[in-house]
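The values are calculated or read from the model by the stated rules, or taken from the named source; none is laboratory data. Keep in mind that this is a model prediction, so the values were computed, not measured. So basically every Cβ, Gly included, is an ideal-geometry build from the backbone, and we count neighbours across all protein chains shown. Keep in mind that these areas ignore ligands, DNA and RNA; they rest on the heavy atoms of the full protein, side chains included. Shrake-Rupley method; radii C 1.70, N 1.55, O 1.52, S 1.80 Å.
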Amino acid sequence: MARPQRKARDDGKVPGAYTRLQDLVNMRHRARGFSFLPRQPVHSLLAGRHTSRLRGRGLNFEEIRRYQPGDDIRQIDWKVTARTRRTHSRVFTEERERVTLLLVDQRIGMFFGSRKRMKSVTAAEAAALAAWRVLEQQDRVGALIFNDSELIEVRPQRSSSAVMRILQHIVEQNHALDLQSGIRGNPGMFNEALRRCDRLAKHDALVCIISDGAGQDEESRHLLTRIAHRNDVLFGFVHDPLEADLPAAGPLVFEDAGAQLEVDTSQSRLRDRYREDFEATRASGRHFLLHRETPVIPLSTAEDVAEQIRRRLGGVRRR
Amino acid sequence: MSNLTLAHPWLLLLLPLPLLFWWLVPPHSEPRRGLVVPFLPRLAAVVGRDPSRGAAVARGSLLRWLVVWFCWLCAVVAVARPQVIEPPITREQPVRDLLLAVDLSGSMATRDFTDASGETVDRLTAVKAVLDDFLARRQGDRVGLIFFGSAAFVQAPFTEDLQVCRELLDEAQVRMAGPQTAFGDALGLAINVFERSTVKERVLIALTDGNDTSSQVPPEKAAQIAADKGIVIHTVAVGDPRAAGEDALDEVTLKKVSAATDGLYSHATDRSQLQAIYDQLNALETRQVDTLSQRPRRDVYWWPLALSLIVSIGYLGAGLLWRQRLAARHLGGAGLAAAAPAGLLTAIEQFHFIRPEWLLALFPALLLWWGLQRQSDAGRAWRGIIDPHLLAQLWGSEQRRRRFGPLAWIGLSWLLLIIAIAGPSWTHEPSPFADDTAALAIVVKVSPSMETEDVQPSRLERATLKIHDLLEARGKAKTALIAYAGSAHRVMPATGDAGIINTFAQALTPEIMPETGDAAAEALALAEQSLAEAGGGSILWITDSIAPEQAGPLADWRKTSKVRVRLWPPLLPGKERDDLEKQASAVRASLQTLSADDSDVQALANAARFAQSFGSDGQTRWAESGYWLTPLLVLMTLLYFRRGWMVPRGVGA
């Protein structure tokens, strides 16, 4: 049987199953309509009580200069004004060089998707969007890209070449994903990435974890708590509709690492249990994260990534 | 059914074989295609089952085993060759020889006979009426015909073909054998004829007006001799006993003759007396009819095969329908189904199916197989769920498609089953009463040129000898004999009695032909008519020349006739034969050359056997060749006892 897969390997990767550098670069133009900055749009997930800890602009002291009309009178430095007898005001600038760290999951478990694109592709696109957005905001962006065997660190820098390097690594790891190549899943890599992140993000960094959260355990919760203590954490939860809900399609053969399981999906009781199980896991994870004031952005493979991010972090809610 | 037997009952010992097979043959495992999902452990926890490693050995349900065992039982029973013993077919062998001596003297033309309806007819007509009635009752006897006038001659030697006798009788004319009555000589001839007969019961029925006028032996004397030989002579007087003169009825002589041989005397109008003769024939000479009986065995191996086909298709089909819930969808294309096998059947001449209607089962079987094939791909279910471009990336272990997996085998078994049930056949079953060959009309030109002695002993005699051989080779197949010169005559209508034709063929000489000339077209038309009466066949044309003026009539005849003509010129290779061949092309005759040995006879006998038959004989029985497929089917069924050897039932648990 002529498998489409063989064909795909010959003349390039199938879009949707694999990401392409060009697509990720093009994400730059779509990185609009949302912001990681402290002043958040009303409907943003980052607005409101839980996002007050997100440190932002106006805290870094820049200079004292002569008062100019239009300056906030609350910014007038009375001591300097009194000493020089000229009105001076203190000028604060935005926190320009805030570090954003992207944790991009490209493990074999992410190589799955039922609609439109793979989870790995979704993660790559989300990472690209975030990187371009951060660069737009004149902040530094770094990344930890990990798969089942290696963890690549890109030091935070504020340059498009740094972003390109991040994207390059993402694409490389993305293209290495193949079920036939015998990659064994490594749940431990998640904690490994968190440990590295903990060392890297000293304070006041924005940490974006883009993963399906597979392999999380007590240690990862502990690490997350520590990271969130000094930094802002944003969790992009990549998931597929099939993980949430099974279709009623009769008997189906599921497989993983050579083991097969036949499930008769026509049993509604089974489907309900499956759905409830997923909801419960997700709810407990969200509960844990929100407790650490970590917002969760669910990223479904079935929908446009930029759209989903914009919906959660953007100003205009699109229905 | 009491008369259902197994030809090879010992083959039933095969029944426990599957146990051995199941036990000894390693299990068959077929990996299926699965979708690689990252959430398998979670799913396994939800389902509460552990994922199995690699391909699993499929296990059948109880119902499946019942069905397989049933099919096995059917296959084994079929291979044991069940046969229905049909009611015996009997053929009566004649044990009695009857001779009919019919008076054809001039006095028989006297119209003094009043028949049953009160009309006055001549005596010969009365004789024919009596004999028609008589012959109708004599099935199973051999009947010979003696005509006598000034002399007596044998019109028909003993034959079982009473129809021929009646036809020959119909052709009888007054004064055919001369105007006088040689009754005594006729009795003498009859005694002679009986001499050659091996049958003990010898009965002569003489139909005459009894006025012996020219016998060398007086009737009373002849009757005495007959009585010594054990011949019973019944006399039937024809004519008006009150008449006087030359043509008067000589009742006294007739009574004496019959009395001398313990026979009965009757008057043709006296029905009760005639009945007494019939009764005596029936009763006194106890009807010793040798019955050749045969109880034909009809192969019914296809009964169990049909059962197993229905059960297996039903089981798998029901499963398929139930799973796919396409119960509403009906099998369409019945019209299509009807057309296809019909075309197939006409394509093959000898090869055919005894029960072609079963071939229609191929369509549901094919449809079902296609359905099974479609659903056998475990991955197919995923198609609607996963986008195709992603699905291609997500297949797990390759589904190793075996070329001859259980599914292919069941398709093959169904095909064989249906073919076996339909009963392929290409040979006739040897019948003890070989009547299954088509009729043959032999058309012989009887002209002076046929007496040429370039072929030894002469063309005509050589032809006669060849006809003799041919008749022998044809056994009891019906053959007619037509002779022609300037006019065409039916010497003998189609009859299964080779002897009688032989006799007539040998008597053919140019002198007996009333006209010289060439009436080939007329002769062929006559032959075709004889064939039509006999239920179809082909013509064998023996001639040494065709007159040029016959070309037109022959071509005309050819236009209206489809009968196959074989030309068999008793000629040596040369110009004469080449010319004949050229002329014969007008009737599109195929040529059979004369050979020194009997190869030409064999070729003709073979060709004539398979000539196109218009009507069915009823006795034709095709040999069931489908039985020989049953051992193959047994082997195929056996395979399904291998552990795990199952038709993939979708992906059901």
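Criterion applied to B:586, B:605 was being open to solvent by less than 80 Å² (accessible area, probe 1.4 Å) and closer than 25 Å to residue B:552 by Cβ, and the one residue passing it is B:586. Out of B:498, B:483, one residue alone is buried (at least 18 other Cβ atoms within 10 Å of the Cβ) and touching a Gly at 6+ places or on another chain (Cβ under 8 Å). It is B:498. The residues listed here are B:32, B:49; of these, the one that is open to solvent by 60 Å² or more (accessible area, probe 1.4 Å), assigned by TED's automatic domain parsing to the domain that holds residue B:405 and at pLDDT below 80 is B:49. When segment A:275-319 is filtered for residues that are more than 16 Å from the chain's Cα centre (by Cα) and at pLDDT below 80, the ones remaining, listed by number, are A:291, A:292, A:315, A:316, A:317, A:318, A:319. Of the residues screened, residue B:477 is not one that is closer than 26 Å to residue B:165 by Cβ and in contact with a His (Cβ under 8 Å, 6 or more places away or on another chain).
Note on segment A:225-249: among residues that are surrounded by fewer than 18 Cβ atoms within 10 Å (Cβ to Cβ) and within 7 Å of chain B (Cβ to nearest Cβ), the one that is nearest to the chain's Cα centre (by Cα) is A:247. When each of B:412, B:391, B:460 is tested for being open to solvent by 20 Å² or more (accessible area, probe 1.4 Å), over 24 Å from the mean Cα position of the chain (by Cα) and at pLDDT 75 or above, the lone residue that passes is B:412.
Within the bounds of segment A:120-138, is there any residue that is assigned by TED's automatic domain parsing to the domain that holds residue A:19, open to solvent by 20 Å² or more (accessible area, probe 1.4 Å), touching a Pro at 6+ places or on another chain (Cβ under 9 Å) and more than 14 Å from residue A:238 (Cβ to Cβ)? For segment A:120-138, residues assigned by TED's automatic domain parsing to the domain that holds residue A:19, open to solvent by 20 Å² or more (accessible area, probe 1.4 Å), touching a Pro at 6+ places or on another chain (Cβ under 9 Å) and more than 14 Å from residue A:238 (Cβ to Cβ): absent.
For every residue, the table says whether it meets (1) touching a His at 6+ places or on another chain (Cβ under 8 Å); (2) among the polar types (S, T, N, Q); (3) closer than 21 Å to residue A:313 by Cβ.
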position: A:134; (1), (2), (3): no, no, yes
position: A:142; (1), (2), (3): no, no, yes
position: A:151; (1), (2), (3): no, no, no
position: A:157; (1), (2), (3): no, yes, no
position: A:163; (1), (2), (3): no, no, yes
position: A:182; (1), (2), (3): no, no, no
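One residue stands out among those in segment A:259-271 that are facing chain B (nearest Cβ under 8 Å) and out of contact with any helix residue (DSSP H, G or I) (no Cβ under 8 Å at 6 or more places or on another chain): the one that is nearest to residue B:384 (Cα to Cα), which is A:262. Of the candidates A:207, A:154, the single residue that is hydrophobic (A, V, I, L, M, F, W, C), open to solvent by less than 20 Å² (accessible area, probe 1.4 Å) and free of Cβ contacts under 8 Å to residues at least 60 places away in the same chain is A:154. For segment A:193-224, name all the residues that are within 14 Å of chain B (Cβ to nearest Cβ), over 15 Å from residue A:143 (Cβ atoms) and polar (S, T, N, Q). Within segment A:193-224, just A:216 meets the criteria.
Listed by first and then second residue, the pairs linking a residue in segment A:272-291 that is more than 14 Å from every other protein chain (Cβ to nearest Cβ) to a residue that is surrounded by 12 or more Cβ atoms within 10 Å (Cβ to Cβ) and of a type in the set (A, V, I, L, M), with Cβ atoms under 6 Å apart and 6 or more places separating them unless they lie on different chains, are A:286/A:296; A:289/A:296. Checking each residue of segment A:87-105 against the condition of being closer than 30 Å to residue A:26 by Cα and within 14 Å of chain B (Cβ to nearest Cβ) gives at least one match. For segment A:238-269, enumerate the residues that are over 20 Å from residue A:112 (Cβ atoms) and modelled with pLDDT of 80 or more. Those that are over 20 Å from residue A:112 (Cβ atoms) and modelled with pLDDT of 80 or more: A:268, A:269.
Residue B:591 falls short on exactly one of the conditions (1) modelled with pLDDT under 70; (2) in contact with a strand residue (DSSP E or B) (Cβ under 9 Å, 6 or more places away or on another chain); (3) open to solvent by 40 Å² or more (accessible area, probe 1.4 Å), and that condition is (1). The set of residues in segment B:424-457 that are open to solvent by 20 Å² or more (accessible area, probe 1.4 Å), at pLDDT 75 or above and within 18 Å of residue B:600 (Cβ to Cβ) comprises B:454, B:456, B:457. In segment A:80-93 there is no residue matching the filter, namely being among the aromatic types (Phe, Trp, Tyr) and in contact (Cβ under 8 Å) with a residue 40 or more places away in the chain.
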